[in-house]
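In what follows, a structure is listed as structure tokens, so that the remarks can point back to it.
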């Protein structure tokens, strides 16, 4: 992400206690700079006690920046038994707003069966306008069409209607790709494309549809970008296929967990721009011959840059029969490292049933800190639903600044203090950013002219927050908190923004 990790890794194991649904449980993390925060716990970022059945959205939940504000949002196709609506939750950075409520951003009261697209829905910027769109393979019982909904920022336009951006009247069975459809920029042209593993009964091919901006081209037809006539059973990866830029070359790749009956391997196909290379073959980028049941993560696998190193990683919710852990595989560019092993980046021994989120897990940068987070729509009962969020502690540039600033907690305030033993408010800010070769002016009155303005509702970790007409400055660290050197007789500490009636403005130094 532009600034390398300068903190190193802790050699001590940290024990993290989590309280969920009345149960106290523990998970061990070997590195405090890696892990997920169960943000707001079981309350989540949105929820209702009645009136929303998450099961009506299973296999039809996607994420993307639909409103173009830089933070990822969530969209679902809600099945009204013949009618369908696209519900949207836009992220404010620390909660989800149910945008336009149950009316959603698109609706039809009849004539569209949401069941016909289940587990074949993806999102991406297909027209290259900077806002993410949605695409779905609709099953016409042998015939198939790719329907597309382009975002205008506050609604979805059913682009080209039922004709979609691609279709055939026969000869393509959408059920042969169910649970194995992904989206990414595979040819590196700036517009997202679609790929799907087609089951030929033992043989498998990866079909690709590249976007031209207003339609999909069936690239290389049924031959696809990779294929074998036998020896690869696509059903062994169903519900465990993701895409991302795993080697950091700017083009998206594909990864899949292959079930070997107790043993599991993560196969990877890297994109060369017009074909997929089966990287390291059946050995894959990670694997175990036994002791890992791929069926325990089915429907709960996501990808994203969780550690902020510029390469995408893979995460999965593993079902331990009432207990759940989020396992993470970080990419080194040519293999996956099983980060913190079976302990994962988050976990509870009991009180969280992974089956309650199956088919409703997505990943993206929901708080705008530069690293990917995970969101799951949890069904507590028909009608009771909450959206749970796990924010990543990965080392984005913003997180590195925050973690470095925290090193000086407790240092005494001194007017004119430049650090590292004593600081005044602007001295702390200048010293912290200077560590990352970002040279800010010395006073808060000068620092307020740096970077770009950001509203209070869109604060991200690392932003500078100003008070008293720029007479005081601190560094925002997330969760409505900031770190600062307050005044004579005090020390560098963390405070809550809610207590500051003299809040003035904020500036973003790290974009």
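The values are calculated or read from the model by the stated rules, or taken from the named source; none is laboratory data. Being a predicted model, the structure only gives us computed values, none of them experimental. Neighbour counts are summed over all protein chains in view; Cβ atoms, including those assigned to glycine, are modelled from backbone coordinates with ideal geometry.
Odds and ends about this structure:
- Restricting attention to the range 456-479, the residues that are over 21 Å from residue 368 (Cβ atoms), surrounded by 14 or more Cβ atoms within 10 Å (Cβ to Cβ) and out of contact with any helix residue (DSSP H, G or I) (no Cβ under 7 Å at 6 or more places or on another chain) add up to 1.
- The lone exception for residue 444 - which of (1) without any contact (Cβ under 8 Å) to a residue 24 or more places away in the chain; (2) crowded, with 16+ Cβ neighbours inside 10 Å; (3) over 32 Å from the mean Cα position of the chain (by Cα) it fails: (1)
- Number of the exception - residue 367 against (1) under 17 Å from the mean Cα position of the chain (by Cα); (2) at pLDDT 95 or above: (2)
- Selected residue (only one of 206, 146 is more than 23 Å from the chain's Cα centre (by Cα), in contact (Cβ under 8 Å) with a residue 60 or more places away in the chain and either more than 22 Å from residue 75 (Cα to Cα) or assigned to a helix (DSSP H, G or I) (or both)): 206
- Residues considered: 232, 200, 158. Of these, the only one that is touching a residue at least 24 places away in the same chain (Cβ under 8 Å) and within 30 Å of residue 108 (Cβ to Cβ) is 158.
- Failed condition for residue 439, given (1) crowded, with 22+ Cβ neighbours inside 10 Å; (2) not in a helix (DSSP H, G or I): (1)
- Criterion violated by residue 218 - all others in (1) assigned to a loop (DSSP other than H, G, I, E, B); (2) free of Cβ contacts under 8 Å to residues at least 60 places away in the same chain satisfied: (1)
- Flag for residue 130 being surrounded by fewer than 20 Cβ atoms within 10 Å (Cβ to Cβ), at positive phi, in a loop (DSSP other than H, G, I, E, B) and under 21 Å from the mean Cα position of the chain (by Cα): yes
- Residues satisfying the stated conditions in the range 434-455, i.e. in contact with a helix residue (DSSP H, G or I) (Cβ under 8 Å, 6 or more places away or on another chain) and closer than 21 Å to residue 478 by Cα: 435, 436, 444, 447
- Matching residues, the range 209-220, being closer than 15 Å to residue 182 by Cβ and more than 26 Å from the chain's Cα centre (by Cα): 219
- Meets criteria (touching a strand residue (DSSP E or B) at 6+ places or on another chain (Cβ under 8 Å), under 16 Å from residue 398 (Cα atoms) and buried (at least 19 other Cβ atoms within 10 Å of the Cβ)) for residue 482: yes
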